[in-house]
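The next block holds one structure in the form of structure tokens; read it before the comments.
The values are calculated or read from the model by the stated rules, or taken from the named source; none is laboratory data. None of these values were measured; they are calculated from a predicted model. Using ideal geometry, Cβ is built from the backbone for each residue, glycine included, and neighbour counts are taken over all protein chains shown.
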Amino acid sequence: MSTHNRLLRVGMVGYAFMGAAHSQAWRTVNRVYDLPARVRMSLICGRDSGKVAEAADRLGWEGHTTDWRRLVESDDVDVVDICTPGDSHCEIAIAALAAGKHVLCEKPLANTVEEARVMAVAAARARADGVRAMCGFNYRRVPAVTMMRQLIADGRLGVIRHVRAAYLQDWIVDPQFPLVWRLQKDRAGSGALGDIGAHIIDLTQYVTGQRITGVSALTETFVKERPLPAGSSGLAAQADGNGRAMGTVTVDDAAVFVARLDGGALATYEASRFATGRKNALRVEINGSLGTVVFDLERLNELEFYDATRPAAEQGFTRILVTEGEHPYMSAWWPPGHIIGYEHSFTHQMRDFVEAIATGTDPAPSFADALQVQLVLDAVTRSAGLDSRWTEVEPTLAELAA
Ligand code: SOE
């Protein structure tokens with residue numbers, strides 16, 4: 001447990017998949033790491049009073065509410081954790097920052113560049129008052145990913161020539177899967193591109209230290225009409241041949257694009273929810289003049305490393321088991337070889353956020369970092385709408401000011 005008595009009272013908005021993952025992390029972070037502050041899971045918010053009461057009990061929150069504004073303005077909340085669909089990220093984050101609350105916001109930061117820009121400006125302004133804001137690109141906090149970044153930073157790959165990233169799922173291959181919020185542009189902003197494409201954009205920029213400067217893209221919506229979810233309201237419906245109410249899918253099912261990075265690397269990206277058999281398959285390969293490193297989320301405790309400087313007779317990909325205590329985060333868990341999982345990346349995320357708040361330092365990725373990801377998402381969308389025309393990524397405010 002924390003050896004310090006500073007208390008950070010958390011209020012979380014949302015209680016679905018990300019709400020559950022974040023709750024697990026808030027529950028464990030002080031039990032695994034000795035931090036300069038102790039977390040209290042004060043208040044959880046959801047629109048349905050019965051469901052949020054059940055979630056509070058199941059996930060370990062002291063109180064619950066159906067009014068996110070009450071949560072944001074509560075004197076019993078110091079940190080606001082936003083785990084809602086993207087259409088509410090901006091409104092909640094701006095209100096929370098204005099109320100002097102530290103903010104953790106799930107990815108992607110927003111549904112539009114305009115919203116992301118407003119959030120980044122508000123976060124920069126709040127920072128002057130010691131308020132911290134971070135975006136939840138949790139895969140940065142997988143130890144194998146931090147090692148990938150370190151290998152590249154140490155020059156072990158030499159000059160980076162290629163980035164090859166794919167994030168593949170298949171949960172909506174069945175055309176009978178209903179028109180949930182992730183398939184509605186006004187709720188989610190985009191489909192596979194913003195939901196899982198944002199992860200590989202952030203992760204590859206993070207590990208290479210390079211930024212995407214331009215793209216040429218294709219997007220596709222394979223299934224254009226889906227059954228309306230039970231109890232849905234406000235969605236335009238048309239009946240299918242069997243009289244069932246159907247709605248139009250307004251987001252991409254898949255996005256593929258090529259890109260240039262500012263360090264000279266050429267990159268290929270693929271984000272799809274129609275990769276049948278791939279459940280949550282994120283794979284990144286980085287080729288350099290001196291070697292290659294590969295990360296595969298399905299084997300998240302490992303890295304494949306090819307060191308081209310080794311004697312020819314010893315060349316080959318080695319498998320590095322990233323569980324030694326000297327790796328970031330790992331010494332707090334188990335002895336070497338006792339592997340960790342997907343959910344540990346969220347505990348690591350909360351560790352770093354609590355540490356940043358308590359020590360008055362800036363957590364990463366910042367809202368400005370997340371704005372840059374949003375600008376890449378926007379460039380991909382624009383390119384896809386212009387017959388894949390080469391499309392520059394707009395600079396961020398900071399880059400403009402530089
Ligand atoms: C999509 O299904 C999703 O839940 C993403 O939204 C998460 O960010 C990713 O970690 C797992 O897949």
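Quick look at the values:
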read-out: Some residue of the range 110-118 being assigned by TED's automatic domain parsing to the domain that holds MET18, among the small types (Gly, Ala, Ser) and within 16 Å of the ligand (Cβ to nearest atom); value: yes
read-out: Identity of the residue in the range 169-196, within 11 Å of the ligand (Cβ to nearest atom) and in contact with a Ser or Thr (Cβ under 6 Å, 6 or more places away or on another chain), that ends up nearest to THR276 (Cα to Cα); value: ASP170
read-out: Any chance ALA126 is surrounded by fewer than 24 Cβ atoms within 10 Å (Cβ to Cβ) and either farther than 25 Å from PHE17 by Cα or out of contact with any strand residue (DSSP E or B) (no Cβ under 9 Å at 6 or more places or on another chain) (or both); value: yes
read-out: VAL103 being part of a strand (DSSP E or B) and among the aliphatic types (A, V, I, L, M); value: yes
read-out: Within the range 239-260, tally of residues that are modelled with pLDDT of 80 or more, more than 29 Å from GLN205 (Cβ to Cβ) and not aliphatic (A, V, I, L, M); value: 3
read-out: Residues that are free of Cβ contacts under 8 Å to residues at least 24 places away in the same chain and of a type in the set (Asp, Glu), drawn from the range 288-337; value: ASP296, GLU298, GLU304, GLU314, GLU324, GLU326
read-out: Considering residues of the range 286-300 that are buried (at least 18 other Cβ atoms within 10 Å of the Cβ) and under 19 Å from the mean Cα position of the chain (by Cα) only, the residue nearest to ARG164 (Cα to Cα); value: PHE295
read-out: Test: residue in the range 7-23 that is aromatic (Phe, Trp, Tyr) and more than 16 Å from the ligand (Cβ to nearest atom); value: no
read-out: The listed residue being outside any helix (DSSP H, G or I), within 16 Å of the ligand (Cβ to nearest atom) and not aliphatic (A, V, I, L, M), out of ASP81, ASP87, ASP129; value: ASP81
read-out: Cross-chain or 6+ apart pairs with Cβ under 9 Å, the range 191-206 first and under 21 Å from ALA144 (Cβ atoms), then within 11 Å of the ligand (Cβ to nearest atom) and of a type in the set (S, T, N, Q); value: ILE196/GLN169; ILE196/ASN280; HIS199/ASN138
read-out: Complete set of residues in the range 306-342 that are within 16 Å of the ligand (Cβ to nearest atom) and β-branched (Val, Ile, Thr); value: ILE340
read-out: Candidates HIS199, HIS162, filtered to the one that is more than 18 Å from the chain's Cα centre (by Cα) and either outside any helix (DSSP H, G or I) or within 16 Å of the ligand (Cβ to nearest atom) (or both); value: HIS162
read-out: Residue list for the range 313-333, restricted to those being hydrophobic (A, V, I, L, M, F, W, C) and touching a Ser or Thr at 6+ places or on another chain (Cβ under 8 Å); value: PHE317, MET330
